[in-house]
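Asker: Quick one: the structure is below, and I'll ask about it shortly.
The values are calculated or read from the model by the stated rules, or taken from the named source; none is laboratory data. Quick caveat: nothing in here was measured; it's all calculated off a predicted structure. Positions of Cβ are generated from backbone atoms using ideal geometry, with glycine treated the same way; all protein chains shown enter the neighbour counts.
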Protein chains: 2
Amino acid sequence: MSLIVALDPPRGVDPFKWSVNLIESIGNKPAGVKVGIPLTVRVGVEGLKDILSVSPHKLRIADMKLADIGYVMSLITEAIAETGVNAVIAHAFVGREGALENLKRTCDELGVKLVVLGLMSHPGASEIMRPVFRNLLGVIKDLKPWGSVLPATMPEAIREGREFLGKDVKILSPGVGAQGASPGDALCAGADYEIVGRLITRAEDPSLAVEEVIKAQRERVEACLGS
Amino acid sequence: MSLIVALDPPRGVDPFKWSVNLIESIGNKPAGVKVGIPLTVRVGVEGLKDILSVSPHKLRIADMKLADIGYVMSLITEAIAETGVNAVIAHAFVGREGALENLKRTCDELGVKLVVLGLMSHPGASEIMRPVFRNLLGVIKDLKPWGSVLPATMPEAIREGREFLGKDVKILSPGVGAQGASPGDALCAGADYEIVGRLITRAEDPSLAVEEVIKAQRERVEACLGS
């Protein structure tokens with residue numbers, strides 16, 4: 001149960017129907033689903049609530065990439081929490097005082113898990129984020145959120161994050177599949193969950209794709225643990 | 001015409017009605033309005049479209065604080081552009097390649113103005129953002145977006161931004177009123193627009209408050225130009 005499916009509707013489909021169909025077809029095999037801002041703004045909180053009502057998943061993550069003052073991030077999280085979302089992603093780079101500290105209090109009050117993003121892996125991330133990665137990890141370490149986000153395509157960053165953050169902060173890793181990492185790579189480097197999007201959602205049979213990804217994760221983890 | 005009104009509905013009101021009433025009461029005296037993520041996720045793109053249909057303003061800015069890969073920021077901007085929004089705010093922090101460069105292309109195609117945030121002024125901004133401020137300005141300078149966001153509460157950052165970015169990038173400054181800056185402070189430091197929220201939207205007579213802010217801006221600018 002280390003798989004989270006990213007529900008990102010492609011252009012040109014009805015985002016509501018697409019999401020409901022996809023959740024129903026993947027069933028309860030993944031540990032969680034992740035919804036993003038494009039879907040959320042298209043369907044609004046009411047639509048998102050209806051979509052998530054068919055989700056049997058323990059983790060229902062809103063990948064809002066929050067990056068604002070605490071008051072605004074809290075307002076967004078309050079709105080989103082009404083939909084059945086139980087985890088929200090925010091950026092470490094906005095810092096703690098007047099930002100992530102306030103959001104953490106709001107999350108605690110609402111029973112929403114806070115997940116803080118420490119690094120991204122697109123080329124532009126090397127301009128600002130990568131050089132201050134240790135400081136971003138420092139923000140996360142001091143904040144002690146439920147989880148963090150580190151890219152599957154940079155296993156060395158996951159290893160560094162795991163060592164620096166200890167065992168108490170979950171690591172969620174996107175970038176598996178279309179962005180280049182293979183299922184299990186991030187788990188072997190120390191991640192708790194892998195976030196997989198197009199490899200599953202664009203497959204002809206998403207349910208079968210879920211099974212294949214879970215099998216590939218198991219095989220890869222067994223191999224790296226054994227090595 | 002250097003005033004942009006931030007439409008942030010308080011907790012406990014109907015965000016749709018509140019926004020429509022406010023736009024109607026402030027009329028066409030401000031240069032623009034700015035809507036945020038809390039309103040957008042509550043009403044969705046359809047609701048936002050109806051709200052903005054009553055706006056006579058030249059600038060209709062979506063303060064999405066975008067901070068994602070280019071593909072996702074583009075998807076969000078495509079959705080938002082359907083509402084009548086004609087400018088979108090993104091973070092410089094995510095860098096250019098695979099992020100802001102792609103978003104800029106999308107904005108150009110859609111006829112949406114790109115506004116890139118260079119610095120915030122809450123205490124947590126001193127942890128990561130302030131130490132890399134010059135690099136964030138560098139991202140903006142190379143990207144050449146329509147505008148940038150720098151805080152009214154830090155006039156020295158506006159002066160530095162204006163000097164570094166030149167005259168071709170507009171500077172929009174939030175933080176006037178509730179956050180501590182006075183109307184005209186940011187304009188005197190080199191900003192093109194001041195973004196004012198609660199000072200107007202929580203006033204008993206928002207229309208009168210708009211007139212008072214514009215008058216205060218004029219007086220302050222005349223005084224600083226004369227000094």
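Asker: In region A:107-134, which residues are touching a Ser or Thr at 6+ places or on another chain (Cβ under 8 Å) and over 18 Å from residue B:94 (Cβ atoms)? Working first, answer last.
Answerer: Let us first name the residues in region A:107-134 that are touching a Ser or Thr at 6+ places or on another chain (Cβ under 8 Å), namely A:107, A:110, A:112, A:115-118, A:121.
Matches in region A:107-134: A:107, A:110, A:112.
Asker: Need a quick list: strands (runs of 3 or more DSSP E) entirely within region A:144-227 having at least 1 residues that are surrounded by 15 or more Cβ atoms within 10 Å (Cβ to Cβ) and modelled with pLDDT under 95. I'd like the intermediate steps shown before the answer.
Answerer: Working: elements: A:147-149, A:170-176, A:193-196.
Because the criterion is at least 1 residues that are surrounded by 15 or more Cβ atoms within 10 Å (Cβ to Cβ) and modelled with pLDDT under 95, the strands (runs of 3 or more DSSP E) in region A:144-227 that meet it are A:170-176.
Asker: Any chance region B:101-110 includes a residue that's in a strand (DSSP E or B), over 22 Å from residue A:149 (Cβ atoms) and more than 12 Å from chain A (Cβ to nearest Cβ)?
Answerer: To start, the set of residues in region B:101-110 that are in a strand (DSSP E or B) comprises none.
No, every residue in region B:101-110 fails to be in a strand (DSSP E or B), over 22 Å from residue A:149 (Cβ atoms) and more than 12 Å from chain A (Cβ to nearest Cβ).
Asker: Give region B:114-164 a look and list any residue that's more than 14 Å from chain A (Cβ to nearest Cβ) and touching a Lys or Arg at 6+ places or on another chain (Cβ under 6 Å), or say none.
Answerer: B:114, B:146, B:147
Asker: Please specify each residue of region B:28-74 satisfying the condition of being buried (at least 23 other Cβ atoms within 10 Å of the Cβ), touching a strand residue (DSSP E or B) at 6+ places or on another chain (Cβ under 9 Å), within 7 Å of another protein chain (Cβ to nearest Cβ) and part of a helix (DSSP H, G or I).
Answerer: B:37, B:40, B:41
Asker: Tell me, please, whether a residue that is closer than 28 Å to residue A:91 by Cβ and within 12 Å of chain A (Cβ to nearest Cβ) can be found in region B:16-24.
Answerer: No: zero hits.
Asker: Looking at (1) more than 9 Å from chain A (Cβ to nearest Cβ); (2) in contact with a strand residue (DSSP E or B) (Cβ under 6 Å, 6 or more places away or on another chain); (3) buried (at least 22 other Cβ atoms within 10 Å of the Cβ), find the lone condition where residue B:86 falls short.
Answerer: (3)
Asker: With respect to residue B:77, determine if the residue is under 18 Å from the mean Cα position of the chain (by Cα), within 10 Å of chain A (Cβ to nearest Cβ) and assigned to a loop (DSSP other than H, G, I, E, B). Before you say what the answer is, go through the steps one by one.
Answerer: Details: under 18 Å from the mean Cα position of the chain (by Cα): yes; within 10 Å of chain A (Cβ to nearest Cβ): yes; assigned to a loop (DSSP other than H, G, I, E, B): no.
So residue B:77 fails the test.
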